[in-house]
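Trainee: Next up is a structure, given as structure tokens.
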Amino acid sequence: SHYSHGNKQNHDPLRTRKLLLHKKEIEKLEKETTIKGMTLVVTSIYWKNGRIKFEIGVAKGKKLYDKRETEMRKTIDRETRQQLKEKLR
């Protein structure tokens, strides 16, 4: 949807955008992510008026023992699925 009274020097309305946030919101997110262990995470992705929108949040990463526990659960689940598959053959 171009501006009807515009010319060739107008901005492209469909240009790529980095983040549509106010300056204070960006500064707040930047301040929160400079804390050790904090990061920006996409919580949901959806379409609105032909554009893709993201909801983002600040989250704390897992500790090493949490990562090990999650990995162990994944391997146990994988092994049980393989065993069930073999039994059903």
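Trainee: Here are some residues: Ile52, Ile56, Ile76. Which one is without any contact (Cβ under 8 Å) to a residue 12 or more places away in the chain and assigned to a strand (DSSP E or B)? Step through it out loud before you land on a result.
Mentor: On the way: Ile56 fails: without any contact (Cβ under 8 Å) to a residue 12 or more places away in the chain; Ile76 fails: assigned to a strand (DSSP E or B).
The match here is Ile52.
Trainee: Restricting to region 59-73, name every residue that is of a type in the set (D, E, K, R) and either in a helix (DSSP H, G or I) or more than 30 Å from Thr33 (Cβ to Cβ) (or both).
Mentor: The first filter runs over region 59-73 and keeps only residues of a type in the set (D, E, K, R), leaving 60, 62-63, 66-69, 71, 73.
Correct list: Asp66, Lys67, Arg68, Glu69, Glu71, Arg73.
Trainee: List the pairs whose first member sits in region 26-38 and is closer than 20 Å to Lys62 by Cα, whose second member is of a type in the set (Lys, Arg), and whose Cβ atoms are under 7 Å apart, counting only residues at least 6 apart or on separate chains?
Mentor: Gly37/Lys60; Met38/Lys60
Trainee: Could you please find all residues in region 31-54 being hydrophobic (A, V, I, L, M, F, W, C) and in contact with a strand residue (DSSP E or B) (Cβ under 6 Å, 6 or more places away or on another chain)?
Mentor: Scanning region 31-54 gives Met38, Leu40, Val41, Val42, Ile45, Phe54.
Trainee: Failed condition for Arg51, given (1) surrounded by 10 or more Cβ atoms within 10 Å (Cβ to Cβ); (2) modelled with pLDDT of 90 or more, with all others met?
Mentor: (2)
The rows are residues; the columns are (1) surrounded by 10 or more Cβ atoms within 10 Å (Cβ to Cβ); (2) over 17 Å from the mean Cα position of the chain (by Cα); (3) not aromatic (Phe, Trp, Tyr).
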position: Asn7; (1), (2), (3): no, yes, yes
position: Lys28; (1), (2), (3): yes, yes, yes
position: Tyr65; (1), (2), (3): no, yes, no
position: Asp77; (1), (2), (3): yes, yes, yes
position: Lys85; (1), (2), (3): no, yes, yes
position: Arg89; (1), (2), (3): no, yes, yes
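The values are calculated or read from the model by the stated rules, or taken from the named source; none is laboratory data. What you see is a predicted model, and the numbers here were worked out from it, not measured in a lab. Cβ: placed from backbone, ideal geometry, glycine included. Neighbour counts: every protein chain shown.
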